[in-house]
Amino acid sequence: MKDKCILITGSSKGIGLSITQRLLQLGAKVIGIARDHDSIKVENKNYIKYTSDISDLIKFEKSIKVILKNHPEINVLISNAGYGEFGPLDNFSIKQINNFITSNLTSHLIISKYLLSHFKKIKIGDIIFIGSEASLMGAKNGSLYCTAKFGLRGLSQSLRKDVVGSNIRVCIINPGMVRTSFFDKLKFSPGNKTENSISLKDIADTTANILSMDRNTVIDEINISPATKLINFN
């Protein structure tokens, strides 16, 4: 993994933090984008922090350009950042809908656009999207979230076909429920038992395994589920 320079969004908490820590352990260089890095306690010379809010597309685009200029050795993108909003569609304002789609779908499109161009220049690259089981089937009160995740899965599938033969691999990981701060402001969370949620370590290890495979091996999509699906409603 020492040959990897990885750009990851949402690196300061939850799944993104777990992946960041695992890749650093394996010797990769990690460039983390997050809105707030205060919550991350990573003392590693190979971890470089950039502060950016993915919901502000103009500033986010500028940040991407600066990062690519400063770190032309980047050869992996892990597009992870996002948040959850659930409820009947008619309960959301236009502003809420726009902000949600911007953060959970449009930002992935924009960073992919720039990293694809970069990978084509250096003739190698990996893109891994962190999706969700919500990309596989619509769910009650999931109109916003499922729409964004279905879109992200479609993006992954389309890009994969676009880059065939270019030494660029595209994959999406679709986890079920993971016990993180994602649920802090929501009205539901995974059940209390260990088997009701996916281990953060397993998602981080899955990401590392994808990157460690032979360049001739392409993992299109990985769906990960807890052993037993049980939801607590607050």
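Structure summary
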read-out	value
Any hit, the stretch 119-138, residues being of a type in the set (A, V, I, L, M, F, W, C), surrounded by fewer than 16 Cβ atoms within 10 Å (Cβ to Cβ) and closer than 18 Å to residue 183 by Cβ	no
Condition broken by residue 138, with the remaining ones in (1) over 18 Å from residue 224 (Cα atoms); (2) out of contact with any Phe, Trp or Tyr (no Cβ under 7 Å at 6 or more places or on another chain); (3) modelled with pLDDT under 95 satisfied	(1)
The stretch 30-59: number of residues that are crowded, with 19+ Cβ neighbours inside 10 Å and more than 17 Å from the chain's Cα centre (by Cα)	1
Residue 43 without any contact (Cβ under 8 Å) to a residue 12 or more places away in the chain and within 26 Å of residue 208 (Cα to Cα)	yes
Members of the stretch 152-205 that are surrounded by 18 or more Cβ atoms within 10 Å (Cβ to Cβ), under 22 Å from residue 101 (Cβ atoms) and small (Gly, Ala, Ser)	156
Unique residue being closer than 20 Å to residue 76 by Cα and hydroxyl-bearing (Ser, Thr, Tyr) when the list is 135, 166, 181	166
Qualifying residue in the stretch 178-191 (condition: of a type outside the set (Lys, Arg) and under 30 Å from residue 121 (Cβ atoms))	no
1 or more residues out of contact with any Leu (no Cβ under 8 Å at 6 or more places or on another chain) and at pLDDT 95 or above: qualifying strands (runs of 3 or more DSSP E) within the stretch 185-234	221-224
Test: residue in the stretch 131-145 that is small (Gly, Ala, Ser), part of a helix (DSSP H, G or I), over 16 Å from residue 171 (Cα atoms) and in contact (Cβ under 8 Å) with a residue 60 or more places away in the chain	no
Enumeration of residues in the stretch 206-218 that are surrounded by 17 or more Cβ atoms within 10 Å (Cβ to Cβ), of a type in the set (Val, Ile, Thr) and in contact (Cβ under 8 Å) with a residue 40 or more places away in the chain	207, 210
Residue selected from the stretch 67-97 under the condition within 28 Å of residue 28 (Cα to Cα) and without any contact (Cβ under 8 Å) to a residue 12 or more places away in the chain, by the criterion surrounded by the fewest Cβ atoms within 10 Å (Cβ to Cβ)	69
Selection count where residues are assigned to a loop (DSSP other than H, G, I, E, B) and either at pLDDT 95 or above or at positive phi (or both), scope the stretch 4-33	5
Boolean, residue 169 is in a strand (DSSP E or B), of a type in the set (Lys, Arg) and closer than 26 Å to residue 109 by Cα	yes
Condition met for residue 39 (under 23 Å from residue 184 (Cα atoms) and at pLDDT 95 or above)	no
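The values are calculated or read from the model by the stated rules, or taken from the named source; none is laboratory data. Since the structure is predicted, the reported quantities are computational estimates derived from the model, not experimental observations. Reconstructed Cβ throughout: ideal geometry from the backbone, glycine too, with neighbour counts over all protein chains shown.
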